[in-house]
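The values are calculated or read from the model by the stated rules, or taken from the named source; none is laboratory data. Note that the coordinates shown come from a computational prediction; the quantities given were computed from them, not determined experimentally. When we count neighbours, we look across all protein chains shown, and the Cβ atoms used for this are built from the backbone with ideal geometry, even at glycine. Just the protein is used for accessible areas: all its heavy atoms, side chains included, with ligands, DNA and RNA removed. Shrake-Rupley method; radii C 1.70, N 1.55, O 1.52, S 1.80 Å.
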Amino acid sequence: MERKWWKESVIYQIYPRSFYDSNGDGIGDLQGIISKLDYLKDLGIDIVWLSPVYKSPNDDNGYDISDYQDIMDEFGTLEDWDQLIKEMHKRDIKLVMDLVVNHTSDEHPWFIESRKSKANPYRDYYIWRKGKDGEEPNNWVSFFSGSAWEYDEETEEYFLHLFSRRQPDLNWENPKVRQEIYDMMTWWLDRGVDGFRMDVINVLSKTEGLPDAPVTMDGKYQWGGDYFLNGPKIMDYLHEMKEKVFDKYDMMTVGETQAVTTEDGVRYTNEEDGVMSMLFQFEHMGIDKSPVGGNLGKWMINRDWKLTDFKKIMTRWQKDLDGRGWNALYLENHDQPRSVSRFGDDQAYHQESAKMLATWLHMMQGTPFVYQGQEIGMTNVAFENINQYKDVEILNFYHDQKDKGNFTEEELMDAIHYRGRDNARTPMQWNDSPNAGFTTGKPWIDVNPNYRDINVEKEMNDPNSLYHYYKKLIQLRKEHDIIVYGSYNLILEDDNQIYAYTRMLNDETLLVIANFSKETPVFNLPDSLKYTSYELFISNYSCETTEAPLSIQLKPYETRVYRLK
Ligand code: TEU
Ligand code: CA
């Protein structure tokens with residue numbers, strides 16, 4: 001397996017709106033990020049994935065772009081951006097930008113032109129269709145609730161928007177659209193960008209004829225994923241993108257790819273004829289949702305998922321891509337709830353369970369992603385009032401479902417508290433001053449009230465904190481090739497509390513033990529792992545460093561990593 005810088009790195013995701021506000025307008029910005037680069041360097045971060053900072057009306061907080069080659073007013077200017085990348089590269093931190101090319105904002109000049117008339121040269125930059133019997137062209141549901149089509153009075157046709165009605169889908173069948181995107185990508189790479197995180201990259205190709213979806217959900221609109229996920233021409237488009245853009249640079253790409261199998265993962269990321277460096281799969285992110293199709297499933301919480309099922313998913317991705325592709329390892333991001341609240345215990349065992357989750361993730365094969373605030377154990381937030389929420393997905397879900405009767409008001413709020421994307425979008429908690437030190441103004445979204453207990457300053461001052469534990473984990477990856485390149489094997493497959501696995505490279509073996517429960521199960525070392533020497537690399541409780549873990553009663557959420565020889 002080839003050595004690559006992006007395989008040996010740890011990537012930190014910044015959601016700029018909520019990271020740090022430098023000018024008191026309550027919104028994070030580029031100068032704010034620049035002022036925190038030493039913090040990132042100190043943590044040991046190699047690469048930053050920056051969520052979109054391009055001009056945008058912020059219907060979807062920047063994932064609705066109105067100018068791909070200029071900076072959103074609230075975030076600063078292109079000069080600020082040039083300073084940011086210069087300051088990053090000075091610190092040997094690479095910058096991966098967010099590439100959102102399935103759709104633009106409805107304020108993008110291309111769309112403003114396209115909707116003017118059927119004869120406009122930009123008309124087929126987007127996907128326009130006549131209605132059918134006075135209704136939408138087909139029955140697809142949007143990711144953000146309601147129909148995936150919006151009627152436009154001016155030209156009496158509908159346009160497709162898989163996401164919000166202000167995010168019209170680009171028509172990737174049109175070679176002019178594809179070339180415009182490749183030119184834009186080249187412009188950013190020539191400006192110094194080191195790679196792209198590719199937003200919903202496997203929905204670009206839609207099935208010819210845009211057929212109706214089968215009925216799998218309540219209501220009028222149905223999940224059309226079979227007709228746009230991993231679509232018929234997706235590999236053609238991505239091979240063309242690779243040949244025309246990626247192959248000209250020493251860069252990395254990470255695809256955000258929903259509904260992919262590990263075989264898709266190999267097809268997309270293998271080093272012979274793949275089309276991206278690595279990918280975010282979503283199977284583990286679906287472990288606690290109902291199997292109802294489409295976007296409604298996410299809001300129907302399955303709280304009694306089994307660790308054995310979680311192990312099966314992650315083991316499949318580890319083994320099927322070993323030597324054949326590359327995983328992006330993550331437990332949270334700007335679209336997902338906070339992992340310590342979702343998979344750990346954000347009350348009694350907050351630090352212990354967050355350290356366990358971090359160890360479990362960072363010792364696997366792949367590139368680990370740290371989402372802003374994850375390194376200090378930021379948690380979900382339960383805002384009392386729906387008006388405190390800002391996310392278009394949450395608000396559309398709430399208003400779409402409120403009068404339908406599938407959920408009571410309490411169930412709606414419970415689902416939003418558990419799963420809503422704003423859980424991950426409350427301002428970064430820097431210290432215990434007002435607004436957690438994020439802004440001197442009024443924050444664009446309320447701060448999580450627990451910022452006095454959970455903040456960067458407090459954790460930096462506590463040598464036993466989660467923050468210092470992350471520093472150690474990240475440092476271990478830099479020191480030991482086995483953590484990057486070693487092969488993964490699951491042990492204790494049927495244990496529903498302990499997740500234990502090994503990594504093997506040459507004559508070395510790592511043993512990773514992670515108690516995913518607040519109980520105290522006994523870990524018994526399998527005979528096959530009874531070696532002669534045991535070196536403790538890291539643990540979240542203090543324990544003997546050379547004692548063999550032959551049979552240990554684990555503490556709640558206890559984790560340990562040993563090198564066996
Ligand atoms: O997310 C794609 C996506 O599927 C999300 O809608 C996510 O899976 C869902 O919110 C989970 O319920 C990308 C971006 O990460 C997201 O922030 C954008 O809203 C979306 O694409 C549209 O650009
Ligand atoms: Ca600001």
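How about the range 541-565: which of its residues are part of a loop (DSSP other than H, G, I, E, B), modelled with pLDDT of 95 or more and touching a Phe, Trp or Tyr at 6+ places or on another chain (Cβ under 7 Å)?
Hits for the range 541-565 are Leu554, Lys555, Pro556, Tyr557, Glu558.
Among Asp199, Asp194, Asp183, which is the only one that is more than 17 Å from Gln258 (Cβ to Cβ) and either surrounded by fewer than 16 Cβ atoms within 10 Å (Cβ to Cβ) or touching an Asp or Glu at 6+ places or on another chain (Cβ under 7 Å) (or both)?
That would be Asp183, the only listed residue that is more than 17 Å from Gln258 (Cβ to Cβ) and either surrounded by fewer than 16 Cβ atoms within 10 Å (Cβ to Cβ) or touching an Asp or Glu at 6+ places or on another chain (Cβ under 7 Å) (or both).
So which of Gln69, Gln31, Gln83 is touching a strand residue (DSSP E or B) at 6+ places or on another chain (Cβ under 9 Å), touching a residue at least 12 places away in the same chain (Cβ under 8 Å), polar (S, T, N, Q) and away from ligand 1 (no atom under 15 Å from the Cβ)?
Only one candidate qualifies: Gln69.
Residues are listed down the side, and each one gets a yes or a no for (1) under 29 Å from Trp299 (Cα atoms); (2) without any contact (Cβ under 8 Å) to a residue 60 or more places away in the chain; (3) open to solvent by less than 10 Å² (accessible area, probe 1.4 Å); (4) among the acidic types (Asp, Glu):
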| site | (1), (2), (3), (4) |
| --- | --- |
| Leu395 | yes, yes, no, no |
| Lys402 | yes, yes, no, no |
| Gly405 | yes, yes, no, no |
| Glu411 | yes, yes, no, yes |
| Asn461 | no, yes, no, no |
| Glu479 | no, yes, no, yes |
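Have a look at Asp322, Asp264, Asp335 and point out the one that is among the acidic types (Asp, Glu) and closer than 24 Å to Asp60 by Cβ.
Asp335
Residue by residue through the range 234-258, note down the ones that are of a type in the set (D, E, K, R), buried (at least 16 other Cβ atoms within 10 Å of the Cβ) and touching a residue at least 40 places away in the same chain (Cβ under 8 Å).
If the condition is that a residue be of a type in the set (D, E, K, R), buried (at least 16 other Cβ atoms within 10 Å of the Cβ) and touching a residue at least 40 places away in the same chain (Cβ under 8 Å), then Glu240, Lys244, Glu256 are the ones that fit.
Filter the range 137-181 for residues that are more than 15 Å from ligand 1 (Cβ to nearest atom) and hydroxyl-bearing (Ser, Thr, Tyr); which is farthest from Thr216 (Cα to Cα)?
Only one residue fits best here, namely Thr155.
Open to solvent by less than 40 Å² (accessible area, probe 1.4 Å), away from ligand 2 (no atom under 11 Å from the Cβ) and under 23 Å from Phe369 (Cα atoms) - does that describe any residue in the range 70-78?
No; the residues of the range 70-78 include none that is open to solvent by less than 40 Å² (accessible area, probe 1.4 Å), away from ligand 2 (no atom under 11 Å from the Cβ) and under 23 Å from Phe369 (Cα atoms).
Within the range 415-438, count every residue that is more than 16 Å from ligand 1 (Cβ to nearest atom) and open to solvent by 10 Å² or more (accessible area, probe 1.4 Å).
Looking only at that region, the number is 7.
Considering (1) in contact with a helix residue (DSSP H, G or I) (Cβ under 7 Å, 6 or more places away or on another chain); (2) assigned to a loop (DSSP other than H, G, I, E, B), say which one Asn406 fails and leave the rest.
All conditions are met except number (1).
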